[in-house]
């Protein structure tokens, strides 16, 4: 029976189960069992259907067509590098504790106030002006 079945395969009368012949193992480009963008039977791939940066079929992400909200893509959740303008990111508004633009004891950009470490005492930089940021690390938003 097996020999007769193989004979039929030689005559191009395959017993297809999806994209693969059950008898001889030949493959065809139809009847695939898709798992995302890859056929689970033969391993062939298909074109991605992109919705911005993410494929609708398989969830693969690409490094283009992101939809940025600040520094985070709203589609895939990827974060991009901050665009620092002194102490504040121009894209998302996040602040960091260096490169402040001081006006006395308050930063003009992010409104942070200088405070002595672990004391809560504010420092008037117009008087003491010799302190640098790494010497005064705790701050409070005001």
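Structure notes:
- Stretching residue 50 away from residue 68 to a fully extended chain increases their span by 4.8 nm, per 0.36 nm per residue minus the current alpha-carbon distance.
- All-pairs alpha carbon distance profile, region 74-115, 5 Å steps from 0, percent: 6, 24, 26, 17, 11, 8, 6, 3, 0
- Region 2-44, relative contact order [Cα under 8 Å, separation at least 6], %: 26
- Computing FRET efficiency as 1/(1 + (r/R0)^6) for residue 60 and residue 24, where r is the C-beta to C-beta distance and R0 is 25 Å, gives about 0.15.
- Based on Cα atoms of region 2-44, Rg over Rh with Rh as the Kirkwood radius reads 1.06.
- Computed over region 41-120, relative contact order equals 14 percent, with contacts defined as Cα pairs under 8 Å that lie 6+ residues apart.
- Overall dimensions of region 31-123 by Cα: Rg and Dmax, Å: 23.0, 74
Every read-out reported here was derived from the displayed coordinates using simple, explicitly stated rules and does not represent laboratory data. None of the values given here were measured: they were computed from a predicted structure. Heads up, the Cβs are rebuilt from the backbone with ideal geometry, glycines too, and the neighbour counts pull from every protein chain shown.
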